[in-house]
Amino acid sequence: MSTPTSERPLAVVTGASSGIGYELAVQFAAHGYDLVVAAEDAGIGTAAQTLGRDGAAQVRPVRVDLATHEGVEELAATVATTQRPVEALVLNAGRGAGGAFVGGTDLRDELEIVDLNVRSTVHLAKRLLPGMVERGRGRVLFTSSIASTMPGPFQAVYNASKSFVQSFAEALRNELKDTGVTVTALLPGPTDTEFFERAELTDTRIGQGRKDDPREVAEQGFKALMRGDQTITAGSFTNKVQTAVGKVVPDRLKAAQHRRMAEPGSGE
């Protein structure tokens with residue numbers, strides 16, 4: 001795969017082999033960006049070929065496990081080899097695991113959620129943000145979630161990880177407000193991706209319920225990023241209502257509601 005040319009701005013998108021990450025990459029390619037796209041699965045190669053099919057965007061795939069220190073370092077090093085300034089950084093990679101924390105999920109899965117959703121986000125931001133700040137320009141998009149606004153029984157670690165991402169994004173936005181680098185947090189609701197199958201949530205009410213189109217979510221996220229918005233609750237109007245109501249509803253009530261949606265077997 002060719003190294004991205006210097007004639008177009010460069011975007012880096014993680015978790016880009018499918019779902020929201022892939023659709024975000026589509027948005028960048030359609031709006032004149034070259035891309036470095038990353039994911040742990042072989043689908044990232046196919047995604048890169050599709051993204052660069054019309055010959056306009058040059059797309060470089062990087063197959064790495066971002067839940068590992070080595071994977072993040074490899075991606076950062078690959079970006080450096082392009083000798084291109086990063087104009088947009090999309091920290092989208094993440095995963096979940098459904099089930100009771102005690103007796104329902106494996107420790108390995110929970111720690112991988114922390115490593116991917118939290119640790120790799122901090123690590124890659126630490127590697128790529130300094131160059132953006134030094135140049136005095138750039139845009140950063142964190143894929144958070146409406147899950148960040150509530151405790152998540154039966155998705156306890158996932159929701160907590162997204163709360164971290166949301167807080168981290170908002171803190172960085174404040175720190176960088178005078179640098180020329182904008183920070184935007186994208187908060188999708190349930191979206192029609194492979195997330196629910198991978199997280200073993202298909203037998204839950206949330207897993208069987210209505211889901212948003214990832215392309216629509218990505219379009220809304222991209223537009224918000226280009227505007228420099230602080231946050232964007234993407235997808236259905238219900239998501240926006242849930243986020244707004246969540247600001248005033250006590251955590252114990254939000255936890256009870258989440259339990260009804262995410263408890264194993266709740267969709268039967």
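The values are calculated or read from the model by the stated rules, or taken from the named source; none is laboratory data. Worth saying up front: this structure is predicted, and the values here are computed from it rather than measured. Every residue, glycine as well, gets a Cβ built from its backbone with ideal geometry; the counts of neighbours run over all protein chains shown. For the accessible areas, the whole protein counts, side chains as well, though only heavy atoms, and no ligand, DNA or RNA atoms are used. Shrake-Rupley method; radii C 1.70, N 1.55, O 1.52, S 1.80 Å.
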Tell me which trypsin sites (Lys or Arg not before Pro) from region 159-235 have a DSSP coil assignment and no more than 15 other beta carbons within 10 Å of their own.
K177, R210
Å² of accessible area per residue within region 53-149, as computed with a 1.4 Å probe and no ligands counted:
45 Å²
Between 0 and 90°, nearest 10: helix 69-81 axis offset from the chain longest Cα axis
30 degrees
Can you give the accessible area per residue of region 167-268, in Å², using a 1.4 Å probe?
55 Å²
Violating pairs (Cα-Cα greater than 26 angstrom) within the set K126/K162; K211/K254; K126/K177; K223/K254:
K223/K254
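If we count every other residue with Cβ under 13 angstrom of D203's Cβ, Lys/Arg +1 and Asp/Glu -1, where does the sum land?
-3
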Using Cα pairs under 8 angstrom and six or more residues apart, how large is the relative contact order of region 116-252, in percent?
26 percent
With +1 on each Lys and Arg Cβ and -1 on each Asp and Glu Cβ, how big is the dipole of the chain about its Cα centre, in debye rounded to the nearest 20?
840 debye
Rg and Dmax [Cα atoms of the chain; Å; Rg one decimal, Dmax integer]:
17.9, 54
Per-residue ellipticity at 222 nm attributable to helices in the chain (runs of n ≥ 4 DSSP H, -39500 (n - 2.57) apiece, nearest 500 deg cm²/dmol) works out to -13500 deg cm²/dmol
Spelling it out for F154: with amide H atoms placed in the peptide plane at 1.01 Å from N, the residues 5 or more places away or on another chain with amide H under 5 Å from its amide H are F101
Can you classify region 196-268 as rounded, prolate or oblate using the Cα gyration tensor, where a ≥ b ≥ c are the square roots of its eigenvalues, rounded means a/c under 1.5, and otherwise it's prolate if a/b beats b/c and oblate if not?
oblate
Using a Gaussian network model of the chain whose springs link C-alpha atoms within less than 10 Å, name the residue from L124, L225, L172 with the highest mean-square fluctuation.
L172
Of H258, H69, which has the most accessible area with a 1.4 Å probe, and how do the rest follow in descending order?
H69, H258
Rounded accessible area of V102 (nearest 10 Å², 1.4 Å probe):
130 Å²
Any idea what the relative contact order of the chain is, in percent, if you count C-alpha pairs under 8 Å spaced at least 6 apart?
19 percent
Among S145, N159, I113 the positive-end extreme of the charge dipole of region 103-163 (Cβ point charges)
S145
With a ≥ b ≥ c taken as the square roots of the eigenvalues of the C-alpha gyration tensor of region 4-89, please select rounded if a/c is under 1.5 and otherwise prolate if a/b is larger than b/c or oblate if it is not?
oblate
Suppose every K and R has +1 on its Cβ and every D and E has -1 on its Cβ; what is the size of the dipole of region 227-268 about the Cα centre, in Debye to the nearest 20?
160 debye
Given charges at Cβ of Lys, Arg, Asp, Glu: the chain dipole, positive-most of A185, V245, I206:
V245
Which of rounded, prolate or oblate describes region 146-223 when judged by the alpha-carbon gyration tensor and an a/c cut-off of 1.5?
oblate
Could you order H123, H31 so the one with the most accessible surface comes first? Probe is 1.4 Å.
H31, H123
Per-bin percent of Cα-Cα distances, region 3-149 [5 Å]
2, 10, 20, 22, 20, 13, 7, 4, 2, 1, 0
Can you send over the carbon and sulfur percentage of the accessible area for the chain, probe radius 1.4 Å, protein chains only?
50 percent
